[in-house]
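The block underneath contains the structure these notes are about, expressed in structure tokens.
The values are calculated or read from the model by the stated rules, or taken from the named source; none is laboratory data. Just so we're clear, the structure is a prediction, and the values are computed from it rather than from any experiment. Positions of Cβ are generated from backbone atoms using ideal geometry, with glycine treated the same way; all protein chains shown enter the neighbour counts. To get the accessible areas, we keep the full protein, side chains included, count just its heavy atoms, and leave off ligands, DNA and RNA. Shrake-Rupley method; radii C 1.70, N 1.55, O 1.52, S 1.80 Å.
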Amino acid sequence: QIIPNANKFRRGLGRKLGEGIQFMTTFVFGLVYAFYTSWKVSLVVLAVLPFVSFAAFMTLKINQGVTSRANEAYSEAGSIAYSTVSSIKTVLSLNAIPKMVKQYCDATEKAHDAVVGMLWKAGFSNASLLGTFICLYIALTLYGVSLLYEEVRDSGCDPSGAIDGVDTCGTSS
């Protein structure tokens, strides 16, 4: 009794626990490094992070349910096809082929409509996630440019060497 349960426990937690520790460590040390390199930019990222997190959570929840709901929706059509083929002699003897075809078409159409409705939700959630990434990228780019501009204006030298007529100070690595 202990060994089968231990195998279930290992299969359930083995990879998930390791990946969870990896992702949490990456997040924490990435945050520490971000604050070490530029605390101003890190605050901008933290301001946008709740929107990105919410969009990612919604995308995850919707995408997890799409496949299972699609399988449930098509199961009725599959059961009609299976029962028709498995009892083909009875269907032929009762001349019930048109009725079975109609039942199958109705069930397939019903399943198709249910799946298409779910796919609209999945598409919208994926688009919102990508939209939050783009907003984060725009915010970081514009704020980073403004920080660089302030530094060039205040110090009189351009570390990137991108502005004509302004001395380059240091390397542009």
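Some notes on this structure:
- ³J(HN,Hα) computed for each position of the range 26-33 - Karplus, 6.51 cos²θ - 1.76 cosθ + 1.60, integer Hz, glycine/proline x: 4, 5, 5, 5, x, 5, 4, 5
- Candidates G156, G131, G14, ranked by Gaussian network fluctuation over the chain, Cα under 10 Å, top entry: G14
- Residues of the range 35-173: accessible area per residue with a 1.4 Å probe, Å²: 71
- Each helix, a run of at least 4 DSSP H residues, gives -39500 (n - 2.57); summed and divided by the residues of the chain, these come to -31500 deg cm²/dmol at 222 nm.
- Legend note: in the chain, cysteines whose Cβ sits 4.7 Å or more from every other cysteine Cβ are C105, C135.
- Accessible surface of the chain [probe 1.4 Å, protein heavy atoms]: carbon and sulfur percent: 68
- Pairs of Cα atoms nearer than 8 Å and 6+ residues apart set the relative contact order; for the range 71-173 it is 18 percent.
- Legend: calculated FRET efficiency, D106 to L147, from the Cβ-Cβ distance at R0 = 45 Å, rounded to 0.05, equals 0.15.
- Angle between the chain longest axis and helix 39-86 axis [Cα atoms, degrees, rounded to 10]: 10
- Karplus (6.51, -1.76, 1.60) ³J(HN,Hα), θ = phi - 60°, over the range 91-108, in Hz, Gly and Pro reported as x: 4, 5, 5, 8, 6, 9, 4, x, 5, 5, 5, 5, 4, 5, 5, 5, 5, 5
- Cα shape, the range 69-173, gyration tensor, a/c 1.5 rule: prolate
- Area of V145 that stays accessible when all protein chains are in place (1.4 Å probe, Å², to 10): 90
- Straightening the chain between Q22 and C157 buys 44.5 nm, computed as 0.36 nm per residue apart minus the Cα-Cα spacing.
- Full-stretch length increase - I138, K99 - with 0.36 nm per residue and alpha-carbon distance subtracted: 8.2 nm
- Here the relative contact order of the range 1-151, from alpha carbon pairs under 8 Å that lie six or more residues apart, stands at 34 percent.
- Remark: the S79-A122 segment gains 12.8 nm on full extension, using 0.36 nm per residue and subtracting the alpha carbon distance.
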